[in-house]
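Below you'll find the structure, written out as structure tokens, and then a few comments.
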Ligand code: 13P
Ligand code: SF4
């Protein structure tokens with residue numbers, strides 16, 4: 001199954017050959033021109049993990065929480081050309097009005113983590129969980145999930161979370177039910193629950209492939225059920241990288257995203273969301289040394305923006321998130337030129353029956369954030 005099929009989308013169009021012949025300068029000039037023509041009718045949100053060639057044109061730059069909040073307050077934009085990944089564009093579609101069109105410049109820009117929980121697996125797993133624990137579980141989903149999973153969570157009274165508000169949301173969830181099902185990132189769930197005082201013995205893992213639980217303790221003690229998903233980018237940081245850096249220079253501060261494994265987060269000096277990482281480095285004194293464990297487009301940008309600090313990637317062989325990188329200058333220009341011709345390509349449109357419940361989980365998150 002290719003990425004498109006796994007996303008459940010059909011690409012009705014793909015990038016024409018001629019974009020390969022254009023120079024960067026020509027493409028940049030055309031994007032500027034089209035943006036000026038459309039004015040407020042066009043809005044381009046850009047996630048921090050986007051390439052420089054794209055993020056330079058973003059009207060707002062942010063993490064997934066900030067972009068969701070901004071999209072919810074952008075009534076004048078007729079077209080939202082989302083520079084990020086598929087689940088973010090779905091979120092934007094659900095939070096914008098019915099007349100606003102959300103476009104993803106390349107439909108192949110998915111998220112491998114979001115693909116690790118599909119709705120059939122989730123419904124099957126939920127039945128098993130109800131059999132064991134009864135009506136004691138509230139589902140929470142990281143926004144890095146499909147609209148269908150957000151809908152499932154909304155239907156059962158739960159909410160979305162982002163790395164920026166996950167602690168607050170988990171605390172809230174425990175005021176609602178005795179147990180939490182955390183989808184689809186086991187690491188974010190484990191790291192956050194542990195931070196809030198839940199022990200590892202109180203966390204079970206549900207494997208949607210084998211349809212079974214990884215747990216050896218007393219089932220009654222389980223407080224958090226972690227979905228067995230992960231981010232293939234953040235899993236590339238290992239404790240050995242931290243040890244290596246500390247052996248080389250004990251003054252280096254290690255800061256990582258909570259999608260990294262539990263061992264990496266425990267061994268690091270600081271862990272937090274994309275926004276937390278950016279703010280921490282901004283506030284750090286000149287001359288301080290940092291090793292950052294997160295996506296590489298962002299790390300490179302942080303390095304460029306802070307020449308007064310010594311910053312490196314925690315993994316020296318790290319690369320960017322490949323699916324975020326699908327959104328490049330040619331695809332951005334192509335989607336804008338199509339709009340100029342009056343054609344909307346790669347529109348993201350979540351069906352009403354999914355939006356109905358998914359929006360509940362997003363609104364609960366936005367209210368509590
Ligand atoms: P943020 O929620 O920090 O924006 O992260 C999104 C993401 O995809 C992290 O891998
Ligand atoms: Fe998904 Fe990981 Fe890429 Fe974020 S970095 S979009 S979680 S694959």
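FYI, it's all coordinate maths here, none of it is from the lab. No experiment lies behind these values; they were computed from the predicted model shown. Methodologically, a virtual Cβ is constructed for each residue, glycine included, from the backbone with ideal geometry; neighbour enumeration extends over all protein chains shown.
Report summary: the helix-based calculation at 222 nm, which adds -39500 (n - 2.57) for every DSSP H run with n ≥ 4 and divides by the residues of the chain, gives -12500 deg cm²/dmol.
A simple spin-label model places pseudo-atoms 7 Å from Cα toward Cβ; at residue 279 and residue 262 they are separated by 2.7 nm.
Packing order of peptides 141-149, 15-23, 160-168, highest average first: 141-149, 160-168, 15-23 (average count of other Cβ atoms within 10 Å over each peptide's residues). Roughly what would the spin-label model give for residue 176 and residue 26, points 7 Å off Cα along C-beta, in nm? With each label point 7 Å from Cα toward Cβ, the separation is 5.2 nm. What's the center-to-center distance, using Cα atoms, between segment 297-335 and segment 266-293 in Å? So the two Cα centres are separated by 16 Å.
Here segment 11-63 and segment 154-189 have alpha carbon centers that stand 34 Å from each other.
Placing dummy labels 7 Å off each Cα toward the beta-carbon, the span from residue 209 to residue 72 is 3.6 nm.
Fraction of C-alpha pairs exceeding 14 angstrom in segment 56-95: 38 percent, rounded to a whole number. In segment 85-232, the alpha-carbon atoms span a convex hull of 116 Å³ per residue. Counting every C-alpha pair in segment 188-256, the share spaced more than 14 angstrom apart comes to 68%. Over the Cα atoms of segment 293-357, the radius of gyration divided by the Kirkwood radius equals 1.18; this is the Rg/Rh ratio. Placing a label point 7 Å from the Cα of residue 247 along the Cα-to-Cβ direction, the residues of segment 283-321 whose backbone N falls under 20 Å of that point are 290-293, 312-318. For segment 32-172, the convex hull drawn through the C-alpha positions has a volume of 116 cubic angstrom per residue. Orientation-averaged projection of the chain equals 19.0 nm² [convex hull of Cα atoms, one quarter of hull surface area]. DSSP bridge analysis restricted to the chain gives an antiparallel fraction near 15%, rounded to the nearest 5. Taking every alpha-carbon pair under 8 Å whose residues sit at least 6 apart, segment 1-156 reaches a relative contact order of 19 percent. For residue 343 and residue 60, a Förster radius of 35 Å and the Cβ-Cβ distance give a FRET efficiency of 0.90, rounded to the nearest 0.05.
For segment 329-369, the Kirkwood radius over C-alpha pairs fed into Stokes-Einstein at 37 °C and 0.692 mPa s yields D = 259 µm² per second.
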